[in-house]
Amino acid sequence: LKRRGAAPDWNALPLDDKPTYELMASGQTVGVFQLESQGMRDTLRKMRCGSIEEITALISLYRPGPMEMIDTYIDRKFGRAEVDYLHASLKETLSETYGVIIYQEQVMKIAQILAGYSLGEADLLRRAMGKKKKEEMDIQRARFVAGAADKGVSEAQSGGIFDLVAKFAGYGFNKSHAAAYALISFQTGWLKATHPVEFMAASMSLDLSNTDKLAVFYQDARRFEVKVVPPDVNRSSADFDVEWNDDQGAVLYALGAIRNVGLEAMRHVVEVREQGGRFADIFDFLERVDPRSVNKRALENLARAGAFDGIHPNRRQLVEQADALMAYCQSVAADRASSQVSLFGADQAHAARPRLKAVEPWVGPERLDQELAAVGFYLSGHPLEDVASALKRKRVTFVAEATALAESGHEAFNMAGVVRRKQERASQRTGEKFAFVTFSDPTGEFECLFPPESLRRCREVLEPGASIMVRVRAKSADGEVRFFGDEAQRLDAVIEDAVAGLRVHVSANGFEAAALKTRLDRARAEGKGGEVSLIASLDGRREVELKLPGRYRLDGALRGALKTAPGVVLLEDA
């Protein structure tokens, strides 16, 4: 924000900022101080904080003990329950919190108003209630009841109030501490609502080495329509950064967030780029970086993540020939270190650049799986994107839409995703196994609970990395949607059943028949699968269709491979 002259004046933020409170009421507070846990986000949706005072109350209530009063607070706030101030004289003290005792300061004030305690005596009462020692509490109770009697309050009423105050005093939070937390919560919420691009970049930098958290932030960025640009050795920094073009900002994925590359090594890469300019090609990169910083594993994962795509798009070629490339890098570094000079006074020539063997690039799901291994989640695309039209025919709903439908009352869906994680647990009551399975689809991730009976039917297909269609039941309550799995089957079988054939539109410009044949041969299916036809434009007005012999597996792998074949312009389900 400082770089583009938009650094906020923290002392001048409007504490009644409507977009900030709308953000909180939506529960979209991932990354917001004190408000990012799932339980807190669910509570925010119900509580709909509208002031800094209500954020303060929430932070104080959302702890073991007082948490049981959250629903009471919310019901009273929205008029669903009557506010009880315990005694008419306490209305001013408890009105801010709808009659719920939350703060230590309220405990002290109640003792002063109702029982005539001095400020010092009230503080001793607060401490005694916190310690919960019976002898001290008995003394304080007698003092409280006697003081209240002097003010015309009956022993029954004052004793009941003392017992209630004592119950919550042990959990009471210091209001000044809670208010300080609430102010930071508001400020970080304001940043997210007002400057989401910079907020996402900063939040992701703070969790640079936590892949699971980065995946959460990436999905959150998509919900906020913040573009995340894949890593690039010529654009990215070691940390997450922001790039602005006109009024459109984007997060540049951090080189240092790629698995097994090393943050210091990536800072070295950025320093080399800043000193000598952009890298022209992969050999220019290897000639300039220090192999003591950028080792073979770092080179491989930079390639898998797509960080070299701008200078060498064949990721597979770099990974499979990393030994030769690193040997060249080390040779150049040795020459540089020895500072040998030729007879003509020029630097000695580098060793000859290695000739890379030609290999077919990774395409489709294979390319994305390699990227997944390096990044930790799907970044540049998703395996199900290539079969989206076939899934639509099967009335498959992705999680973003399914969540909205569930909130409006729909209960059953076909969903699809790649299995990311599976955790089996045993019921304490019956001992039967059930499972929590996390799926990834093009719009986000979702968790599905498979009860014992469903798990027995589906266990074999619910393996990490498998693409699955799931029949789910959805339950929506208190702003949270939960999915329960009934049936599951492998996606390839679903797609084969949904699509009879595939029409491949090709252009004469750049079309390579051999490259297309290689991709199709890998997907040949004996006695099953679908047909493939080539559609070629003759003169811009007429087309010729050529049906290819044999049958093919019309799965995501074939579709992804065909999309990258030279001259292919469109894939269309037949």
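Putting +1 on Lys and Arg Cβ atoms and -1 on Asp and Glu Cβ atoms, find which of L368, Y73, Y21 reaches farthest to the positive end of the dipole of the chain. Value: L368. Students often forget the sequence filter, so: which aspartates and glutamates lie under 20 Å Cα-Cα from K528 once same-chain residues fewer than 8 apart are removed? Filter leaves D492, E496, D497, D555, E572, D573. The alpha-carbon of K132 sits under 13 angstrom from the alpha-carbons of these aspartates and glutamates, leaving out residues fewer than 8 places away in its chain: D163. For the stretch 438-574, DSSP calls about 75 percent of its internal beta bridges antiparallel.
In loop segments of the stretch 49-105 as defined by DSSP, the chymotrypsin sites (Phe, Trp or Tyr not before Pro) with at most 16 further C-beta atoms inside 10 Å of their C-beta are F78, Y85.
Compared with the alpha-carbon gap, the fully stretched path from T211 to E320 is longer by 36.8 nm at 0.36 nm per residue. Beta-bridge orientation, the chain: approximately 80 percent antiparallel, per DSSP, counting only bridges with both partners inside.
Calculated mean residue ellipticity at 222 nm for the chain: -13000 deg cm²/dmol, from DSSP H runs with n ≥ 4 weighted as -39500 (n - 2.57), summed, divided by the residue count and rounded to 500.
Where both bridge residues fall in the stretch 195-338, DSSP classifies roughly 60% of the beta bridges as antiparallel.
Quickly work out the E271-to-E82 label distance, labels modelled 7 Å from Cα along the C-beta direction, and quote it in nm with one decimal. My value for the distance between the label points is 7.2 nm. Overall, the stretch 132-280 carries a charge dipole of about 520 debye about its Cα centre when +1 sits on the Cβ of Lys and Arg and -1 on the Cβ of Asp and Glu, all other atoms neutral. Taking trypsin sites (Lys or Arg not before Pro) across the stretch 485-552, the ones in a DSSP loop with at most 10 further Cβ atoms lying within 10 angstrom of their Cβ are K528, R541, R542.
Ranking V461, S440, G39 by how far each Cα lies toward the positive end of the dipole of the chain (charges on Cβ) leaves V461 at the top. Checking the Cα-Cα distances for K46/K392; K18/K46; K213/K296; K46/K475 against a 23 Å cut-off, the pairs over it are K46/K392; K213/K296. Counting every other Cβ atom within 10 Å of each residue's Cβ, H312, H177 order from fewest to most as H177, H312. Multiplying the residue separation of A508 and R421 by 0.36 nm and subtracting their alpha-carbon distance yields 26.9 nm. Do any GluC sites (Glu not before Pro) in the stretch 132-239 lie in a loop, going by DSSP, with at most 14 other beta-carbon atoms within 10 Å of their beta carbon, and if so which? Those that pass, being in a loop and sparsely packed, are E225. Given +1 at the Cβ of Lys and Arg, -1 at the Cβ of Asp and Glu and no other charges, the dipole of the chain around its Cα centre is 980 debye to the nearest 20. I'm spelling it out carefully: the read-out is volume of the Cα convex hull per residue in Å³, the candidates are (1) 142; (2) 164; (3) 244, and one was derived from this structure. Which label? Matching entry in (1) 142; (2) 164; (3) 244: (3). For the pair S533 and E264, the difference between a 0.36 nm per residue extended length and the Cα-Cα distance amounts to 91.7 nm. Applying 1/(1 + (r/R0)^6) with r as the Cβ-Cβ distance of A351 and R278 and R0 = 22 angstrom yields a FRET efficiency of 0.40. Around the Cα centre of the stretch 10-175, unit charges on the Cβ atoms of Lys, Arg, Asp and Glu (plus for the first two, minus for the last two) sum to a dipole of about 300 debye.
Any read-out appearing in this document is the output of simple, stated calculations on the displayed coordinates, not a laboratory observation. In this text, all values refer to a predicted model and were calculated from it rather than measured experimentally. We place every Cβ from the backbone using ideal geometry, glycine too, and count neighbours over all the protein chains shown.
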